[in-house]
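See structure below.
The values are calculated or read from the model by the stated rules, or taken from the named source; none is laboratory data. Being a predicted model, the structure only gives us computed values, none of them experimental. Virtual Cβ from ideal backbone geometry, glycine too; neighbours counted across all protein chains shown. Remember, those area values only see protein heavy atoms, side chains included, never the ligands or the DNA or RNA. Shrake-Rupley method; radii C 1.70, N 1.55, O 1.52, S 1.80 Å.
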Amino acid sequence: HRQNDLYFNFDLLAYRSSAKRLYYRLKGPSALRGLVDGTQVHLQNLSPGYYTLYVYPHMNLIHGRKMVIVSSFHIQPAFWQTRLFQGLAICIILALAIVSSWWLMYRSRRKQERRTQIEKLLTKYRLTALKAQINPHFMSNSLVAIQQLILDNETDKANQYIAKFSLLI
């Protein structure tokens with residue numbers, strides 16, 4: 001892509017003047033015109049594309065236009081300047097963006113799931129600890145209440161209380 005400087009050398013056999021001069025016109029993406037001394041036309045920094053070069057000997061413009069040399073050529077773009085490469089680059093960038101956003105969402109979701117599991121487990125352990133504290137007090141209070149009913153000679157109530165307490169335990 002950087003080697004698009006071209007040199008054209010022309011042999012002028014039937015040239016009436018001793019000073020050799022050429023008039024050129026370039027048609028294409030980079031249009032140029034000029035007059036050169038000598039037989040060499042040098043074209044520099046041409047953009048990629050299709051070109052046609054017209055060269056006339058600069059004698060008498062009326063007769064010179066009859067003796068035209070036409071040369072067509074093509075300068076190919078560098079591979080990264082082609083539409084295929086640009087399309088592939090866009091597709092790869094989009095794919096990377098989609099994959100990375102999916103990965104970030106997946107990672108965030110997994111983190112949230114772990115956090116939820118830890119909170120559930122922590123709640124379960126707290127409930128177990130609370131039950132372990134409540135059970136001895138509850139049993140002690142229930143037995144004291146039954147004992148009080150027996151001491152007060154309320155045996156029917158004491159029997160009902162014992163039946164309910166046994167179902168509960």
| note | Residue hits (the stretch 132-169; outside any helix (DSSP H, G or I) and open to solvent by less than 100 Å² (accessible area, probe 1.4 Å)) are D152, E154
| note | Contact list, first residue from the stretch 145-169 and touching a residue at least 12 places away in the same chain (Cβ under 8 Å) and closer than 23 Å to I134 by Cα, second anywhere and of a type in the set (D, E, K, R) and open to solvent by 80 Å² or more (accessible area, probe 1.4 Å), beta-carbon distance below 8 Å, six or more apart or interchain, is L149/K157
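Select from the stretch 70-95 the residues that are in a strand (DSSP E or B) and open to solvent by less than 70 Å² (accessible area, probe 1.4 Å) and write down the one among them that is modelled with the lowest pLDDT.
Narrowing the stretch 70-95 to residues in a strand (DSSP E or B): 70-75.
Remaining after also requiring open to solvent by less than 70 Å² (accessible area, probe 1.4 Å): 71, 73, 75.
Working: S71: 91, F73: 90, I75: 87.
Step by step, filter the stretch 70-95, then rank; the result is I75.
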| message | Take the conditions modelled with pLDDT under 90, outside any helix (DSSP H, G or I) and open to solvent by 70 Å² or more (accessible area, probe 1.4 Å) and apply them to M67. Does it pass? | response | yes
| query | Cβ-Cβ below 8 Å, separation at least six or inter-chain, first residue in the stretch 32-45 and at negative phi and free of Cβ contacts under 8 Å to residues at least 40 places away in the same chain, second open to solvent by 80 Å² or more (accessible area, probe 1.4 Å) and in a loop (DSSP other than H, G, I, E, B): which pairs? | reply | D37/K20; T39/D11; T39/K20
| If M105 passes every condition in (1) surrounded by 10 or more Cβ atoms within 10 Å (Cβ to Cβ); (2) in contact with a strand residue (DSSP E or B) (Cβ under 6 Å, 6 or more places away or on another chain); (3) of a type outside the set (S, T, N, Q) but one, which one does it miss? | (2)
| For the stretch 10-55, how many residues meet the condition of being open to solvent by 100 Å² or more (accessible area, probe 1.4 Å) and modelled with pLDDT of 90 or more? | 3
